[in-house]
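The structure under discussion appears below in the form of structure tokens.
The values are calculated or read from the model by the stated rules, or taken from the named source; none is laboratory data. On a predicted model such as this, the values are computed, not experimentally measured, just so you know. Cβ: placed from backbone, ideal geometry, glycine included. Neighbour counts: every protein chain shown.
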Amino acid sequence: MESLEQLANEVEAIEQRVTDAIFDMVRAQMRGDDAEQAKELERLLSKVRRSLQKAEHLLRHTNDGDAEA
């Protein structure tokens, strides 16, 4: 189902943006710019990223299963 593949691609793009934000938070921590808040935000964004990775995997796996049927 092509729409699931498109959705998986969109989730992957969002995941990449979250990954970029995580790296920004790490850089902020290294500079000492409100390091504690940056650390907390990095932790939360990491959870979001893992959830997006799982969602992308499920969408692609579901799409693969539909293609085989």
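Couple of notes before you dig in:
- Test: residue in the stretch 32-43 that is of a type outside the set (Phe, Trp, Tyr), under 22 Å from Leu59 (Cβ atoms) and in contact with a helix residue (DSSP H, G or I) (Cβ under 6 Å, 6 or more places away or on another chain): no
- Screening Asp66, Asp20 for residues that are in a helix (DSSP H, G or I), at pLDDT below 80 and among the charged types (D, E, K, R) leaves exactly one candidate, Asp66.
- Check on Arg43, of a type in the set (Lys, Arg) and at pLDDT 95 or above: no
- Annotation note: Cβ proximity below 6 Å between a residue of the stretch 29-40 that is assigned to a loop (DSSP other than H, G, I, E, B) and a residue that is modelled with pLDDT of 80 or more (sequence gap 6+ or interchain) occurs for no pair.
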